[in-house]
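To start, the structure itself, in structure tokens.
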Amino acid sequence: MAARTTEERITDHPDARDITLQGVLEALTDPVRRSIVRQIAGAADERKCGTFDISVTRSTGTHHFRVLRQSGVIRQYYVGTSKMNTLRRDDLDRAFPGLLDAIVEAANREAPQH
């Protein structure tokens, strides 16, 4: 049986028309949040919360994901018990053409090279 996908447990996603440039830019001022966005953008598919390479505690990571979600940068939903993350690329590109690509490109430049 396939896992059930649901957003009903996460109720604070803003409507696309309520996403503001101010909110998006404030969310992306933090390097940890830019790293999360960069990692989602570089993934082939959505990412589980526990799979990100971030150097903060779990509770601090939860805070960063909440800021990104409430600003409209990411969408979170559950598949079974896993919280999944995707960029709201269509909404952001429609509201602020080119902004997300510029942010991801800049985040890629500032990311440590392994």
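Okay, here's what the table says:
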{"read-out": "Scope the range 70-99; condition within 8 Å of the chain's Cα centre (by Cα) and open to solvent by 20 Å² or more (accessible area, probe 1.4 Å); matching residues", "value": "75, 86, 87"}
{"read-out": "Some residue of the range 84-93 being β-branched (Val, Ile, Thr) and in contact with a Ser or Thr (Cβ under 8 Å, 6 or more places away or on another chain)", "value": "no"}
{"read-out": "Tabulated pairs, the range 79-97, first at positive phi and touching a residue at least 40 places away in the same chain (Cβ under 8 Å), second among the charged types (D, E, K, R) and open to solvent by 80 Å² or more (accessible area, probe 1.4 Å), C-beta under 7 angstrom, 6+ apart or interchain", "value": "80/4"}
{"read-out": "Residue check for residue 62: among the polar types (S, T, N, Q), assigned to a helix (DSSP H, G or I) and open to solvent by 70 Å² or more (accessible area, probe 1.4 Å)", "value": "yes"}
{"read-out": "Answer residue from the range 6-56, given it is more than 21 Å from residue 78 (Cα to Cα), in a loop (DSSP other than H, G, I, E, B) and open to solvent by 60 Å² or more (accessible area, probe 1.4 Å) and is modelled with the lowest pLDDT among those", "value": "55"}
{"read-out": "Top-ranked residue of the range 100-114 - restricted to ones that are in contact with a Lys or Arg (Cβ under 7 Å, 6 or more places away or on another chain) and either assigned to a loop (DSSP other than H, G, I, E, B) or over 21 Å from residue 21 (Cβ atoms) (or both), ranked as most open to solvent (accessible area, probe 1.4 Å)", "value": "108"}
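The values are calculated or read from the model by the stated rules, or taken from the named source; none is laboratory data. Treat the numbers as computed from the prediction; the structure is a model and nothing was measured. For neighbour counting, all protein chains shown are included, and Cβ atoms are generated from backbone atoms with ideal geometry for every residue, glycine included. Remember, those area values only see protein heavy atoms, side chains included, never the ligands or the DNA or RNA. Shrake-Rupley method; radii C 1.70, N 1.55, O 1.52, S 1.80 Å.
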